1. List the number of the failed condition for VAL617; all other conditions in (1) among the β-branched types (Val, Ile, Thr); (2) at pLDDT 95 or above; (3) farther than 28 Å from GLY732 by Cβ hold.
2. Could you please find all residues in region 405-428 being assigned to a loop (DSSP other than H, G, I, E, B) and more than 17 Å from PRO449 (Cα to Cα)?
3. Scan region 275-320 for residues that are at pLDDT 95 or above, in a loop (DSSP other than H, G, I, E, B) and within 20 Å of THR353 (Cα to Cα) and report the count.
4. For region 685-698, how many residues meet the condition of being over 25 Å from the mean Cα position of the chain (by Cα) and either loosely packed, with under 14 Cβ neighbours inside 10 Å or without any contact (Cβ under 8 Å) to a residue 60 or more places away in the chain (or both)?
5. Just to verify a result, which residue in region 419-434, among those that are surrounded by fewer than 22 Cβ atoms within 10 Å (Cβ to Cβ) and among the aliphatic types (A, V, I, L, M), is farthest from ILE44 (Cα to Cα)?
6. Is region 674-684 home to any residue that is surrounded by fewer than 18 Cβ atoms within 10 Å (Cβ to Cβ), assigned to a helix (DSSP H, G or I) and of a type in the set (D, E, K, R)?
7. Say we look at region 700-725 and pick out the residues that are assigned to a loop (DSSP other than H, G, I, E, B) and closer than 30 Å to THR638 by Cα; which of these is nearest to the chain's Cα centre (by Cα)?
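The values are calculated or read from the model by the stated rules, or taken from the named source; none is laboratory data. Since we're looking at a predicted model, the values are computed, not measured. Every residue, glycine as well, gets a Cβ built from its backbone with ideal geometry; the counts of neighbours run over all protein chains shown.
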Amino acid sequence: MDSSKASPVKVLPVGLDEDTEEYASLSGLLQEFTSISSIDKAWIFKSESGTGSQAMFLISQPNLLANKQRKFLMSTSISKDGNTSNNVNFQWVPFPVETTGVSITVPSPSGSKLLVVRNPENVSPTQFEIWGSSLLEKEFKIPQSTHGSVYADGWFEGISWNSDESLIAYVAEEPSPCKPSFDSQGSKDKECTSWIGQGDWEEEWGECYVGKRQPALFVINLNSGKVQAVQGIVKSLSVGQVVWAPPVQGINQYLVFVGWTADPRKLGLKYCYNRPCALYAVKVPLYKPEASESDLKSFDESTVVNLTQSISSAFFPQFSPNGKFLVFLSAKASVDSGAHSATNSLHRIDWPTDNKPCSSTKIIDVIPVVNCAEDGQFPGLYCSSFLSKPWLSDGCTMILSSYWHSCQVILSVNVLSGEVLRIIPADSGFSWNVLALDGDNVIAVCSSPIDVPQIKYGCLTEKVNNTTRWHWLNVSSSIFRCSEKIMSLLSRLQFGILQIPVKDVSDCLTKGAAKSFEAIFVSSNVNDAPDPLIVFLHGGPHIVSLSSFSKSLAFLSSIGFSLLIVNYRGSLGFGEEALQSLPGKIGSQVLILDIHLLIISGVIITNRRSFTHGQDVNDVLTAIDHVIEKGLVNPSKTTVLGGSHGGFLTTHLIGQTPDKFVAAAVRNPACNLSSMVGVTDIPDWCYVESYGTKGKTIFTEAPSAKHLTDFYNKSPILHISKVKAPTLFLLGAQDLRVPVSNGLQYARALKEQGVETKVILFPNDIHAIERPQSDFESFLNIGVWFKKHCK
């Protein structure tokens with residue numbers, strides 16, 4: 001045989017079976033979905049001609065080969081035809097510009113300058129660049145002896161230009177403390193006579209903050225390049241989200257920032273709004289362009305004032321355009337209940353006219369927590385961020401995005417009257433996200449589970465009776481361009497948002513908890529017979545699956561699966577009563593069938609126990625039964641997929657209802673709370689979700705035997721002996737939220753009892769498994785796994 005003519009050996013991706021025929025075609029299709037870009041941020045600038053405006057979009061696209069997100073900027077000129085709101089024109093530049101090595105981009109208030117931060121992790125120095133319209137104007141290299149990397153994670157991140165654009169306040173890692181040095185006396189090796197010790201261990205803020213100990217506040221003078229740390233802030237505070245307070249006589253004197261306390265310890269902060277925080281004001285030196293070093297007031301004279309002592313949570317500070325008031329979000333419902341996320345509230349502080357903030361400032365409620373809304377009415381505020389410039393020209397109306405049941409919507413909020421208006425078209429089922437304001441007009445992105453994102457331009461109009469209305473225009477753009485193949489596949493799909501009545505409503509339920517919950521259903525519009533079903537379950541549990549475009553889920557829809565995306569009670573967007581109905585009722589519920597005393601051969605039997613479905617498990621089963629009863633799915637080909645708490649639900653479902661699912665896939669699932677509680681960065685989560693609000697008060701770092709038993713009884717591992725469904729595990733080895741040992745224990749136990757099991761371990765991934773290659777491999781394997789078991 002001529003070896004040169006032998007067929008090449010087919011090398012399969014890790015985790016794929018040799019007999020899998022679909023892997024090549026699915027891989028190519030998933031790459032096409034993965035390559036679709038997304039918009040991270042947008043900024044609007046006044047046009048130099050004085051007519052129209054300029055927009056700049058920060059865009060990201062996964063780079064699978066480099067295993068990083070490719071970032072680039074795309075610019076456009078915006079013009080409108082005359083005074084009509086029926087036409088707007090975007091003139092895009094021919095090509096985007098890649099921003100290699102850039103971690104943060106922040107325009108100045110006037111839009112005439114651009115701050116670019118090049119901020120490689122743990123590499124000195126951090127580089128600040130100040131760009132003008134056509135050239136690099138200034139460049140500063142800041143050594144690690146001054147501070148570590150600048151925070152760019154969107155939570156601690158805070159970069160703020162002052163009013164005359166001579167100073168920038170920002171948050172960066174405090175310099176590392178000196179570590180002890182030890183001599184090796186008597187060593188014959190003259191080149192190695194000492195070594196650096198480890199020093200004291202310092203706690204971090206958990207998941208996503210490995211290697212980051214203490215975010216601190218700094219100010220750079222752009223005239224001199226001088227960087228100084230803001231003094232007077234106690235070490236027990238971690239700071240973020242800094243903004244300059246209004247200037248007095250043209251000079252900025254105060255910074256407002258968010259501070260998180262580390263008392264008694266730093267629990268995981270990522271995705272956790274239940275950590276107490278407050279707004280603080282700190283006085284800083286009176287910088288002047290002509291001031292010398294000796295002219296500056298000492299930072300030691302700084303005073304720090306807690307502006308929000310009367311409320312347990314305050315973040316995202318935002319000054320009104322005229323500087324007369326400060327608004328902020330609060331997660332007090334989350335802090336007070338212990339749930340990691342809950343319904344937000346919005347508040348206002350009238351800034352003192354003498355510009356001397358004090359701790360007794362009155363906090364005014366603008367939007368309170370909504371417990372239970374009437375049908376069709378505003379369900380409460382669920383806002384994950386503010387725009388850098390969210391104000392309409394009246395100076396008191398903010399534009400922001402919020403969750404409204406299973407959709408993301410755009411709201412206008414008058415922070416003086418408290419009026420909240422939904423400004424997008426009603427009943428579309430699409431999700432909308434605001435990107436930037438162009439005067440009194442809005443640039444947004446709109447999408448659905450089967451529609452790739454599209455840029456929209458919203459024009460504010462008024463009727464004769466002074467009722468404001470919004471007219472929305474489509475904007476032509478190549479940003480979200482995808483192949484004809486993907487567009488053809490998506491055109492064969494349809495979606496709807498289903499109302500799922502609560503099963504077995506009891507008198508003990510609040511009104512909000514007894515209301516219907518929702519599920520997003522995606523299916524083919526061309527097949528006569530129902531496709532196999534994937535039940536998708538979000539994590540949290542207090543987050544929400546939105547009716548927006550997801551590349552991963554659209555891929556699964558396109559390869560022949562219907563999707564049932566369940567927003568079980570406890571999800572965000574449905575009011576606080578519905579959300580708070582879940583803690584204490586997750587997973588399994590213990591039922592005492594009878595209580596008696598029998599003495600048999602000296603053994604005392606006090607009771608018999610049984611288990612029933614927890615509320616979240618029951619809601620998912622109710623949703624599945626709902627679509628089965630309507631004939632929308634094939635009940636013999638039902639699979640289930642979830643991550644984190646969604647993985648907790650997935651493994652509960654295959655254990656509690658073993659004949660309902662033909663296959664399952666989980667990403668970093670919480671399978672055994674009794675072992676998780678001692679190693680997770682959020683042990684309080686185990687207590688609150690298992691016991692309800694009571695869990696906040698009984699939380700301890702040393703769980704009792706009873707606590708551990710209760711955690712075990714709530715966990716999927718309790719039901720593992722009944723599992724039949726082949727299960728795929730996707731695990732991040734660096735996960736601090738649900739450490740990898742949790743999923744591995746469950747997977748090994750499944751293998752032990754003969755259940756088909758596959759484990760893919762990503763050695764460098766954390767809880768989200770979101771590095772491009774890892775995310776790609778995850779969903780490729782999920783697609784192949786479900787295809788294999790739904791034949």
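1. (3)
2. Of everything in region 405-428, those that are assigned to a loop (DSSP other than H, G, I, E, B) and more than 17 Å from PRO449 (Cα to Cα) turn out to be VAL415, LEU416, SER417, GLY418, GLU419, ILE423, ILE424, PRO425, ALA426.
3. Qualifying residue count, region 275-320: 3.
4. The qualifying residues number 2.
5. Top of the filtered list is ALA426.
6. Initially, region 674-684 is screened for residues surrounded by fewer than 18 Cβ atoms within 10 Å (Cβ to Cβ), giving 678-679.
Subset that is assigned to a helix (DSSP H, G or I): none.
Checked region 674-684: no residue is surrounded by fewer than 18 Cβ atoms within 10 Å (Cβ to Cβ), assigned to a helix (DSSP H, G or I) and of a type in the set (D, E, K, R).
7. Ranking the candidates gives SER715 first.
Table: residues versus (1) touching a Ser or Thr at 6+ places or on another chain (Cβ under 8 Å); (2) in the same structural domain as ARG771 (by TED's automatic domain parsing).
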position: LEU641; (1), (2): yes, yes
position: LEU653; (1), (2): no, yes
position: ALA663; (1), (2): yes, yes
position: SER690; (1), (2): no, no
position: THR697; (1), (2): no, no
position: LYS706; (1), (2): no, no
position: LYS722; (1), (2): no, yes
position: THR727; (1), (2): yes, yes
position: ASP735; (1), (2): no, yes
